[in-house]
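A.B. asks: What follows is a single structure, and I will ask about it in a moment.
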Amino acid sequence: MKLKVEDVMVEDVVTINADATVLQAAKIMNKNEIGCLIVTRRGRAVGIVTERDLLKRIISRSRDPKKTKVREIMTKPLIAGESEMDIEDATRLMFDNKIKKLPVLEGGKLVGLVTLTDLVRYQPQMIRILKEMTARHLVPPKRMQKVIDYYVI
C-alpha cells in the first residue's frame with residue numbers, strides 16, 4: 001500500500017492574513033512553536049512565510065517588522081501538493097522546488113501541511129528515494145542538506 005500525503009500531513013495548519021505585520025507573524029510562530037505560516041488573502045492560501053524569510057528579508061535587511069506586511073516578504077507563488085498525492089511524488093516536488101514545507105490544497109482550499117522531515121521520519125521508503133536522488137548527483141537545496149545528512153547519509 002502506497003502512502004498518500006493525507007496519511008502524514010498535519011491538518012491543523014496555522015495561517016496569517018497577507019496584510020498582517022511581520023511582527024504579528026513572528027509572535028504567532030513563537031506562540032505555536034512552528035517554523036512557518038501559510039499566508040491567506042480572502043480565505044485563499046497565497047503564500048508561505050518561514051523563519052528563513054524573516055531572517056533573509058527582515059533581519060538581514062534591517063527592516064521594521066512592525067511596519068512590514070507579511071505579503072511583502074512571503075514566498076510566492078505557493079507551491080502546494082494534494083492530499084491524494086503519493087508521498088514519493090510530494091518528496092520529489094519538494095526536492096525539485098528546493099522547499100522543505102509543502103502546503104496541501106484541495107480545490108484551492110488549504111487542508112494540511114507536510115514537511116520534508118515529516119516524510120523522511122515517517123517512511124523509510126523516503127530515505128531510499130532521497131538516496132537515489134543524491135546518487136544521481138542531483139544537488140539538494142542547502143536548506144534540505146541537514147535533513148538529508150541526518151536521515152540518509
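A.B. asks: Among the residues of the stretch 82-91, are any of a type in the set (S, T, N, Q) and farther than 21 Å from N17 by Cα?
C.D. replies: yes
A.B. asks: Moving to a separate point now. Are any of the residues in the stretch 57-70 of a type in the set (V, I, T), closer than 30 Å to I129 by Cβ and touching a Lys or Arg at 6+ places or on another chain (Cβ under 9 Å)?
C.D. replies: no
A.B. asks: In the stretch 1-57, what residues are closer than 29 Å to E84 by Cα, surrounded by 13 or more Cβ atoms within 10 Å (Cβ to Cβ), among the basic types (K, R) and out of contact with any Gly (no Cβ under 9 Å at 6 or more places or on another chain)?
C.D. replies: K4
A.B. asks: Condition check: touching a residue at least 12 places away in the same chain (Cβ under 8 Å) and at positive phi. Does K69 satisfy that?
C.D. replies: The answer is no for K69.
A.B. asks: Okay, moving on. For the stretch 101-108, indicate whether the set of residues that are farther than 17 Å from A18 by Cα, surrounded by 16 or more Cβ atoms within 10 Å (Cβ to Cβ), out of contact with any helix residue (DSSP H, G or I) (no Cβ under 6 Å at 6 or more places or on another chain) and at pLDDT 85 or above is non-empty.
C.D. replies: yes
A.B. asks: Can you name every residue in the stretch 130-146 that is of a type in the set (A, V, I, L, M), surrounded by 14 or more Cβ atoms within 10 Å (Cβ to Cβ) and at pLDDT 70 or above? Before the answer, list the steps.
C.D. replies: Within the stretch 130-146, the first condition is being of a type in the set (A, V, I, L, M), and the residues that meet it are 130, 133, 135, 138-139, 144.
Applying the additional criterion that residues be surrounded by 14 or more Cβ atoms within 10 Å (Cβ to Cβ) yields 130, 133, 144.
L130, M133 - these are the residues of the stretch 130-146 that are of a type in the set (A, V, I, L, M), surrounded by 14 or more Cβ atoms within 10 Å (Cβ to Cβ) and at pLDDT 70 or above.
The values are calculated or read from the model by the stated rules, or taken from the named source; none is laboratory data. Only a predicted model underlies this, so the values are computations on that prediction, with no experimental measurement involved. Cβ sites come from the backbone with ideal geometry, for glycine too, and all protein chains shown count toward neighbours.
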